[in-house]
Amino acid sequence: MNLSYRVYHVFVRNLVSYKRFVVPTFIASLVQPLFYLITFGIGMGAYVGLFGGKPYLFFLVPGVLMSAVGLTASYECLFGTFVKMIHEKLYDSLIATPVSAEDAVAGDIAWGVFRGLISGTLMMAVAMAMGVFPVSVPAVLLLFVCMIFVGVLFGSLAMIVTSLAPNFDFFNYYTELVLTPMLFFSGVFFPLDNFPAWMKTFSKFLPLTPAVSISRAVFSGVYSTALIFDFLFIVVLEVIAFTIGVKLMKRRLIK
Amino acid sequence: MSSIITAKNLTKRYGKFTAVDGISFEIQEGECFGFLGPNGAGKTSTIRMIHCVSPVTAGTLTVKGLPCSIDNRTIKKTTGVIPQEITLDVDLTVRENLMVFSRFFDIPRREAKTRVEELIKFVELEAKRDSKIDQLSTGMKRRLLIARALINQPTLIIADEPTTGLDPQARHLIWQRLRQLKSQGVTLILTTQYMEEAQQLCDRIVVMYQGKILKEGTPRTLIDEEIGKDVVEIRISQDQDEKLIGSLAGFSCGHERVGDTLFFYCRDGHDIRKKLVELDLPNTVHRPATLEDVFLKLTGRSLIE
Ligand SMILES: Nc1ncnc2c1ncn2[C@@H]1O[C@H](COP(=O)(O)OP(=O)(O)OP(=O)(O)O)[C@@H](O)[C@H]1O
Ligand SMILES: [Mg+2]
């Protein structure tokens, strides 16, 4: 794998072009999670009452936060990267410079992570405004580290899909059949305790589940050693996804 | 002069399809070397291997003594590429395109700013400095592609059909700029389908067809060897051929019938001119031989798909 510091140059290219889209993307990043928090948190929260001794919103925020990071990074590396690759031919001009195909792809993943962090941060601000806080400052730092890892993981997974996509419609399979259902099996909206055993096992292997567990601990202050394994699981999955994603993209870019 | 690029039995296959079929050539430092050929001849495939964005399937290819491979950043650092397709960054302005590109070559900010201003002047885009790419005409985009290719002060420039789709003004401006670069000692590789372009710019050319090199030489020698000095085109029905060929037999001209036209290729057109006046045929054109005649003779006059 021919990676170098030039990943940063690619990231900066995205930042320069982003200037023009800041406002619309900020709004987009806010609206969807806000929608979840308000409809589920406040609307449904009124029915479900207390959840582990706290309002439902406290249960909801950590999960929605992580899914916002993962989804934003995914969209960026699906649609964003596809447009740059096929429509704008940006990758073609990048690989004619000392920037390698790997640098270019990793730069786009890094960009997806950054966009994910923006979504996560905005989400957190909204949650705080609604009265939901992480337990401490170190907890916030832990949360950010976790968000970065989740961003890389979902960005890399999206790259695998993008590297295989013949056209835009192909992404629907991934977003509708994989990403959206995953939200429901990862403990974002409700606990998994009442699922049958096989479902619980299945959900353990979904990439979002461990991230939601860590996030929830950060907001509740209830830590356990299982979180270390959750974290390791994310890291291992991420290394695999990143390696495959970059390799497949390189295969597509270089003919 | 020493050779800067050497290709031996260079081959490119996409799956089972052979796009470049074992070609060999050498390009000298400081010359302008042209690849001519109809659509699909393998020109782009060849030069993409030279600037290391496409892997060599078989054979050897070296640039400045270094073997070409996808990960050869050293070659890419000193090469400027004007691609066939317009691959500008549409999200950015003219100036930003150049500034962002300068990063990829690790050019320090200060230095980059001066170079960008110089290059914008060089390609006469001062008025469009802060315009978005979609506000540029095709000619302007092509000029910006040239500026972008020069940001790293390359010693080797690769231009893939740099003037396709441009009006004469824009085309001449680009020729001027390319000649200017050559006079500064840059080695230039050009692909084109415009024979005039090749004649204007190239010291040596190869004619490619179906992945192979058919002929190599200077534009002048190719015309002399393949065609001669003059061409006579007579638009006349086919049943007259025998009579005409007979009456022009004494002038040692080659002839060819293509569609509605009978072509004569002549070493010396002086005498035949008199004869033509004598015959007083309608629809006759008598003109100097050009590279286009060579091209058509070598690659066939029918449409190639
Ligand atoms: N990525 C690819 N995959 C499969 N076939 C390809 C690919 N790129 C080019 N080809 C094929 O290789 C042949 C040579 O293409 P190439 O682009 O090198 O031709 P060219 O001489 O540059 O033509 P043009 O004048 O139209 O630009 C063509 O038949 C083309 O269809
Ligand atoms: Mg071509």
By residue number, the members of the range B:53-81 that are within 22 Å of B:Leu181 (Cα to Cα) and crowded, with 22+ Cβ neighbours inside 10 Å are B:Val63, B:Lys76, B:Thr79, B:Gly80, B:Val81
Considering every residue within the range A:145-162, establish whether at least one is over 19 Å from A:Thr243 (Cβ atoms), free of Cβ contacts under 8 Å to residues at least 24 places away in the same chain, in a helix (DSSP H, G or I) and open to solvent by 70 Å² or more (accessible area, probe 1.4 Å).
no
Picking from B:Thr191, B:Thr221, B:Thr163, the residue that is within 16 Å of ligand 2 (Cβ to nearest atom), without any contact (Cβ under 8 Å) to a residue 40 or more places away in the chain and more than 14 Å from chain A (Cβ to nearest Cβ) would be B:Thr163
Listed by range, helices (runs of 4 or more DSSP H) wholly within the range B:31-124 having at least 3 residues that are away from ligand 2 (no atom under 16 Å from the Cβ) and out of contact with any strand residue (DSSP E or B) (no Cβ under 8 Å at 6 or more places or on another chain) are B:73-77, B:94-104, B:109-122
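Given the range B:147-260, what helices (runs of 4 or more DSSP H) lie entirely inside it while holding 3 or more residues that are in contact with a strand residue (DSSP E or B) (Cβ under 9 Å, 6 or more places away or on another chain) and under 21 Å from B:Leu291 (Cα atoms)?
Values: elements: B:168-183, B:195-201, B:219-226, B:241-247.
Counting at least 3 such residues, we get B:168-183, B:195-201, B:219-226.
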Every listed condition ((1) more than 10 Å from every other protein chain (Cβ to nearest Cβ); (2) over 21 Å from the mean Cα position of the chain (by Cα); (3) farther than 22 Å from A:Ser4 by Cβ; (4) buried (at least 21 other Cβ atoms within 10 Å of the Cβ)) holds for B:Asp91 save (1)
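Any chance you could count how many residues in the range A:107-117 are within 14 Å of another protein chain (Cβ to nearest Cβ) and either open to solvent by 10 Å² or more (accessible area, probe 1.4 Å) or under 23 Å from A:Val31 (Cβ atoms) (or both)? Write out each step before concluding.
Of the range A:107-117, the ones within 14 Å of another protein chain (Cβ to nearest Cβ) are A:107-108, A:111.
Retained after the next criterion (residues that are either open to solvent by 10 Å² or more (accessible area, probe 1.4 Å) or under 23 Å from A:Val31 (Cβ atoms) (or both)): A:111.
Qualifying residue count for the region: 1.
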Taking first residues from the range A:179-205 that are more than 19 Å from A:Ala68 (Cβ to Cβ) and second residues anywhere that are among the charged types (D, E, K, R) and surrounded by fewer than 17 Cβ atoms within 10 Å (Cβ to Cβ), the pairs with Cβ under 7 Å that are 6 or more apart or on different chains are A:Leu192/A:Lys200
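What number of residues in the range B:67-82 are at the interface with chain A (Cβ under 7 Å from one of its Cβ atoms) and not basic (Lys, Arg)? Let's see the steps before the verdict.
Kept after step one, since they are at the interface with chain A (Cβ under 7 Å from one of its Cβ atoms), are these residues of the range B:67-82: B:70-71, B:73, B:76-77, B:81.
Restricting the remaining residues to those that are not basic (Lys, Arg) gives B:70-71, B:81.
Here the count works out to 3.
Having 1 or more residues that are open to solvent by 30 Å² or more (accessible area, probe 1.4 Å) and more than 14 Å from chain B (Cβ to nearest Cβ) is the bar; report the helices (runs of 4 or more DSSP H) wholly within the range A:1-100 that clear it.
A:22-36, A:45-48, A:56-75
May I ask you to verify whether B:Ile151 is closer than 27 Å to B:Lys77 by Cβ, more than 16 Å from ligand 1 (Cβ to nearest atom) and out of contact with any Pro (no Cβ under 9 Å at 6 or more places or on another chain)?
yes
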Flagged in the range B:119-136 as more than 25 Å from A:Lys19 (Cβ to Cβ) and open to solvent by 50 Å² or more (accessible area, probe 1.4 Å), in numbering order, are B:Lys121, B:Glu124
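May I ask you to list the residues in the range B:2-40 that are more than 16 Å from ligand 1 (Cβ to nearest atom), of a type in the set (A, V, I, L, M, F, W, C) and either under 25 Å from B:Val294 (Cβ atoms) or within 14 Å of chain A (Cβ to nearest Cβ) (or both)?
We begin by selecting, within the range B:2-40, every residue more than 16 Å from ligand 1 (Cβ to nearest atom); these are B:2-6, B:8-9, B:24, B:26-32.
Among the residues that remain, those that are also of a type in the set (A, V, I, L, M, F, W, C) are: B:4-5, B:27, B:32.
Within the range B:2-40, B:Ile5, B:Ile27, B:Cys32 meet the criteria.
The values are calculated or read from the model by the stated rules, or taken from the named source; none is laboratory data. In this text the structure is predicted, and so the values were computed from the model without any measurement. Because the Cβ atoms are built from the backbone with ideal geometry, glycine has one as well, and the counts that use them run over all protein chains shown. Surface areas here come from the heavy atoms of the whole protein model, side chains and all, with no ligands, DNA or RNA. Shrake-Rupley method; radii C 1.70, N 1.55, O 1.52, S 1.80 Å.
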